[in-house]
Amino acid sequence: MSDPADDLAGRISALMPRAKADLAELVAIPSVADPRQYPPEHCRRAAEWVAAAFTEAGLHDVHLAETPDGSHAVIGHRPPPPGAPTVLLYCHYDVQPPLDDAAWASPPFQLTERDGRLYGRGAADCKGNIVMHLTALRALGEDVPVGIKFVAEGSEEQGTGGLEAYVRQHTDELHADALLICDTGNAAVDVPTATTSLRGLANVVVTVRTLAGDLHSGMFGGPAPDALAALIRILDSLRDTDGGTRIKDLDGDGMWPGVGYDEQQFRADAGVLDGVALTGSGTVADRLWARPAVTVLGIDCPPVVGSAAAVPATARARVSLRVPPGTDPQAARDALTAHLTGAAPWGARVEVETESTGSPFRAATDGRAYAALDRAMRRAYGTPISYLGQGGSIPLCNVLADTYREAEIILMGVEEPRCLIHAPNESVDPSEIEHMALVEALFLRYYADRS
């Protein structure tokens, strides 16, 4: 008698050419959910592609639901067999902007294979996870032993909270016993991992004003206060001399209790240049998963090419603060705001506008769903599950945890460190799509088995 797991693995292997073709179609759609950068029609086209694909994969009533931020979530379901549990499958179809096209070795919205990896914006985050879901459902066919609820978010990367607000208004629509939030990934290729900890965030925009208008640097430079120089001093004050985040009234000395992250491996994963030191103190895991981390995401100031010989009157920056579980994001935002305003030199006028906040998250791992996931990962990879933290933020997790208090929440996916999500040359290892699709399909079977 054939092993059902082997049968599933064979079906998924046979589906991989289709999975690659699907990924190529999805990556070709520049679904950046920011109308200031890309026309909204692209996101609509991606949503319609997802709706059609999951309808074909056997889900019912797949439709586009407008959320309060104007984006569209793709929602569908499949009813459970009698007595079976229901599993929510989550992903998002919007992507980060490609940033500097010149930094890409191949066009960002054209799936390109190099050295066994597939490159393109969204190839991993999160269109690779969409394809993972599709491949798992196709492999199961009509033999889906649990109920399925499905949602693909349309504005996750913008952090505007559309789906979070939608969930609060439509609690029954996404209710399930286990929630697979597929927007993370393994610790490394072939290392099966669930993410149990997420940092929250507080994003602000700080504006510095010093003059009524720009002034000729030859006539006024020296005594005239330079807004860009003031902003640079303010931003520099957010870090210690070793580069670690140090904000007044914010604990920066947390320690990670779980599996660590080898420093040399981190240097390789992050592409840190030879001779450049890592910032901060403590272990890499401490700095990534247990301590706040500030990043200057962007600065508005005169560009080098085209800049005039003038003292800037105004400058502004977008600042992101990641906060670990146990830290309230509102308190973190208040501490960041107070620090930015308090660090202003020369009496410069500082305004801080809150862009977004999101709470940190910690999962409970002692339930039936995690036992089924461990069994599935052992079968697919041959090794037991690992638990790691994640430096990123998924605000939806806290909304789901508050809304569905009895549900188990699992974070997993195809986004291992070499994927370089959010950066130029994002990629995915197709073997991760294949293995994680098998994990998902096996999980759905094992979770339905109450023995």
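Surface exposure of segment 1-152, expressed per residue as accessible area with a 1.4 Å probe, stands at 39 Å². A cut-off under 15 angstrom between Cβ atoms defines the neighbours of residue 84, and their net charge, with Lys, Arg +1 and Asp, Glu -1, is +1. Expressed to the nearest 5 percent, the antiparallel share of DSSP beta bridges inside the chain is 70 percent. Of the residues 256, 104, 409, the one whose Cα sits farthest towards the positive end of the charge dipole of the chain is 256 (charges of +1 on Lys and Arg Cβ, -1 on Asp and Glu Cβ, taken about the Cα centre). Cα centroids of segment 214-284 and segment 331-407: 21 Å apart. Each of 30, 356, 71 was scored by the projection of its Cα onto the charge dipole of the chain, and the greatest displacement toward the positive side belongs to 356; charges sit on the C-beta of Lys, Arg, Asp and Glu.
Here Cα extents along the principal axes in Å was computed from the coordinates, and among [x] 68, 52, 39; [y] 87, 46, 44; [z] 62, 55, 46 the match is [y].
All Cα-Cα distances of segment 300-426, cut into 10 Å bins from zero to the largest, leave 9, 26, 28, 20, 11, 6, 1 percent in each bin in turn.
Solvent exposure of segment 272-403 amounts to 48 Å² per residue of accessible area, where only protein heavy atoms count and the probe is 1.4 Å.
Charge tally around residue 176: other residues with Cβ under 13 Å, Lys/Arg +1 each, Asp/Glu -1 each, net -2. Accessible surface for segment 159-242, divided over its residues, is 41 Å² per residue with a 1.4 Å probe. Share of the chain's accessible area from carbon and sulfur, percent, 1.4 Å? It is 51 percent, rounded to a whole number.
Net charge around residue 262, counting only other residues with Cβ within less than 15 Å of its Cβ (Lys, Arg = +1; Asp, Glu = -1)? Here the count lands on -1. Placing +1 on the Cβ of every Lys and Arg and -1 on the Cβ of every Asp and Glu, with no other charges, gives the chain a dipole of roughly 460 debye about its Cα centre.
The values are calculated or read from the model by the stated rules, or taken from the named source; none is laboratory data. Since this is a predicted model, take the numbers as computed values, not measurements. A quick note on method: Cβ atoms are made from the backbone with ideal geometry, for glycine too, and the neighbour counts reach across all protein chains shown. Side chains included, ligands, DNA and RNA excluded: accessible areas come from the protein's heavy atoms. Shrake-Rupley method; radii C 1.70, N 1.55, O 1.52, S 1.80 Å.
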